[in-house]
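Input: a single structure, listed below in structure tokens.
The values are calculated or read from the model by the stated rules, or taken from the named source; none is laboratory data. Source: prediction; values computed, not measured. Here the Cβ is made from the backbone with ideal geometry for all residues, glycine too, and neighbour counts use every protein chain on show.
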Amino acid sequence: MYSEKLEELINHALADGVLTEKEKQILFKNAEAEGIDLDEFEMVLDARLYEKQQGSKEEDKSAIDEIKSSPEKQIVLANDFINPIETIIRENLTVNDDLYFHENLPKKKLSNAMNSYIFLDDDEQIICFYDSTVFGSASDGVCLSTKGIYWKNLWEDSDYLCYCDIESIKKGKDCLH
């Protein structure tokens, strides 16, 4: 329907079933450069996003079911799981398109993150994770689990900090330290 380059950008932007403002800006800039009617483009983009999200809901449900039954990683992703760390995060962080809590973990992102830097114990659960990648692959980012913090930055090895090793936390103006 559109140029090969624009179709590829659309596919990458919609791969995770979420369209961030940055992705929208890039897509609209490229569509405008190709002389495409932006209202029509927005309508097509919204339809493709809707289709992707409908397909992803079933994939995510089966992925969570698969993870729950995984003998290697008995991850419990119960919707009613609330813990003090999660409460602090929800109260102090601005939720955006790249922050995912245990109740809405996208299958592909979770799989990439677990292959890259999240290495859970059998009795450990994911509270949330932040995808710090530009195109949403989730191969880099930060994960808070019930036992500690996992992270991986671009071009660096992954790392882990157990909560038991944290001596104190102070709330600053815009951060915790």
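Values computed for the structure shown
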item: The range 147-177: number of residues that are part of a loop (DSSP other than H, G, I, E, B) and either in contact with a Pro (Cβ under 8 Å, 6 or more places away or on another chain) or surrounded by 12 or more Cβ atoms within 10 Å (Cβ to Cβ) (or both); result: 3
item: Positions within the range 92-146 being part of a helix (DSSP H, G or I), of a type in the set (D, E, K, R) and buried (at least 21 other Cβ atoms within 10 Å of the Cβ), in sequence order; result: Lys109
item: Pairs where the first residue, in the range 17-34, is more than 15 Å from Leu6 (Cα to Cα) and the second is outside any helix (DSSP H, G or I) and small (Gly, Ala, Ser), C-beta under 9 Å, 6+ apart; result: Val18/Gly136; Thr20/Gly136
item: Residue in the range 3-11 that is exposed (fewer than 13 other Cβ atoms within 10 Å of the Cβ), assigned to a loop (DSSP other than H, G, I, E, B) and modelled with pLDDT of 75 or more present; result: no
item: Qualifying positions in the range 14-58 - small (Gly, Ala, Ser), modelled with pLDDT of 85 or more and part of a helix (DSSP H, G or I); result: Ala31, Ala33, Ala47
item: Selection count, the range 113-137, where residues are within 27 Å of Lys24 (Cα to Cα) and among the charged types (D, E, K, R); result: 1
item: Condition met for Trp155 (more than 18 Å from Ile89 (Cα to Cα), at pLDDT 90 or above and of a type in the set (A, V, I, L, M, F, W, C)); result: yes
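Yes/no per residue for (1) at pLDDT 55 or above; (2) within 22 Å of Leu161 (Cα to Cα):
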site	(1), (2)
Ala63	yes, no
Lys68	no, no
Lys73	no, yes
Ala78	no, no
Ser111	yes, yes
Leu120	yes, yes
